[in-house]
Each structure stands twice: as C-alpha cells, then as structure tokens.
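First comes the structure, then the notes that go with it.
The values are calculated or read from the model by the stated rules, or taken from the named source; none is laboratory data. Just so you know, these numbers come straight off a predicted model, no measurement behind them. Positions of Cβ are backbone-derived with ideal geometry, glycine not excepted, and every protein chain shown enters the neighbour counts.
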C-alpha cells in the first residue's frame, strides 16, 4: 500500500473541505420552524353585519396573534365570502363564494389599523346574506373562517 504524497494530499483536501464548511456563514434562519397549523392567524370571532345606507355593512377586528400565541407579523389582508339565500328557496343549499378582498395598508409601520369595515352594495332585494371573513397572510395562506353573520336585505 502506498502512503506517499498522494495519500497526504487527499487527507489535506478532506480537512480543508471540512474547515471550509464550518466557516461558511449560516443561511440566515430567523427562528425555529413552526407547524403550518400554528403559523395561521387566530380566527376572527367578532364579525358583525347590519343594514346600512345603500348596503350591508360588515365590521370586524384585526387579529394580532397566531394560534400559537406569537405576534402576527405578516398579515396581508382579508377575504370576504358570502352566500345568498333566496326567499323563494330558503332550504336550498348554497355555497359560499368569494365576494371581496380587503388589503391591509397600514399608514405607518408601527400604527396598525385595528378595525375593518366593508360595505356590500351588490345585493338582491328580499334575500338573506351570510358572511364569513378569512385573514390572509403574505404567503397567500388563509386562516380558519370567522363566525358566520347573517342579515336580510329588504330595501
């Protein structure tokens, strides 16, 4: 077996590569990874609807934390879903459909809007509407749906 200069160069190369790997900067990990279910915003539980001037007014509060209790940092907006229940067929099963998207545009980085409002003006007379609101994160993922809120439109 040969133990000359070729073998010594191989060991030096392995040692060099090992040291180089140890000195390479880290990838910039910001925190411990979390399960996707824990990285979603807390569910909105205070959705309220009422008949207002020219439409149905929805109000709700901004979620401030993830379900695991950590402070929410990447809220992008809200998605409003609605279903219309016709007075001609109140027992008919109707799916929720996306009605609107509300973007969160905080005026300043440290001043965050706490309450949100949407006025639905695309309505059919003598119909009942049910609403749900989802929080949307910057990555596009959605929270669980808010509480259901319903109101009859009888202009």
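Provide a single number: the residues in segment 46-71 that are crowded, with 18+ Cβ neighbours inside 10 Å and touching a residue at least 60 places away in the same chain (Cβ under 8 Å).
Of the residues in segment 46-71, 6 are crowded, with 18+ Cβ neighbours inside 10 Å and touching a residue at least 60 places away in the same chain (Cβ under 8 Å).
Have a look at 103, 75, 107 and point out the one that is buried (at least 16 other Cβ atoms within 10 Å of the Cβ) and modelled with pLDDT under 95.
Exactly one residue qualifies, and that residue is 75.
Name, by its number, the condition in (1) surrounded by fewer than 16 Cβ atoms within 10 Å (Cβ to Cβ); (2) assigned to a loop (DSSP other than H, G, I, E, B) that does not hold for residue 146.
The failed condition is (1).
When the residues of segment 35-45 are filtered to those that are touching a strand residue (DSSP E or B) at 6+ places or on another chain (Cβ under 9 Å) and over 12 Å from residue 136 (Cα atoms), which remaining residue is surrounded by the fewest Cβ atoms within 10 Å (Cβ to Cβ)?
Of everything passing the filter in segment 35-45, 45 is surrounded by the fewest Cβ atoms within 10 Å (Cβ to Cβ).
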